[in-house]
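Each value in this text was obtained by applying a stated rule to the coordinates, not by laboratory testing. If you're wondering where the values come from, they're calculated on a predicted model, not measured in any experiment. Glycine gets a Cβ as well: all are built from the backbone with ideal geometry, and neighbour counts include every protein chain shown.
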Amino acid sequence: MLAEHLGSEQVSRVVYGTVIGVALVAALEAHPPAAGATASTILTTAVAVGLAELYSEIVGARVRVQGPLPDEHRGAIAADVCAVMAGAGFPAVFFLLAAVDVMELDTAFTIAKWSGLGLIALYGFWAARLGGATHGRSLVHAGAVALIGVFVIALKALVH
């Protein structure tokens, strides 16, 4: 199942959503709302990004096919939208756990940021491996793409 997912077109959408989720978590951390409000903000942002993805994909597909969308296009668009929403919304899990006192709010922020960064790096590693790179080059690739998340987190630290 993992190999099938890693070979799918949704990988790039999950990564895209994850970068949005990490950026949102980093921005909220400066003046954190309550855990439930943070989870709600992340989830509503994931839905908004998903709707933007849906609209842009429908417009782009309609322009390309110059007519009604075939069913296979609709299914592919739906899968892409769900992948973006899952990537962007995943950090909400940690804040829901904080809302029910399973963890502290600060811990939820820490885990949400670093798990997002880890996911981005993991996808970078497997993308390189599936592309035929050695383990060493794949680690370099993972580190390079992880710098996106590090940049977002560092930028937030510099601004606040």
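The share of alpha-carbon pairs in the range 2-159 lying farther apart than 22 Å comes to 48%. Taking the number of Cβ atoms within 10 Å of each Cβ as an exposure proxy, the fewest-first ranking of Leu155, Leu69, Leu28 is Leu155, Leu69, Leu28. By the count of other C-beta atoms within 10 Å, a proxy for reagent exposure, Val14, Val22 are ordered fewest to most as Val14, Val22.
The C-alpha atoms of the chain define a longest principal axis, and helix 135-159 lies at about 60 degrees to it.
Separation of the range 18-58 and the range 116-160, taken as the distance between their Cα centroids, equals 21 angstrom. Angle of helix 35-65 to the longest C-alpha principal axis of the chain, folded into 0 to 90 degrees and rounded to 10: 20°. Computed from the C-beta positions of Thr134 and Thr110 and an R0 of 25 Å, the FRET efficiency is 0.20 to the nearest 0.05.
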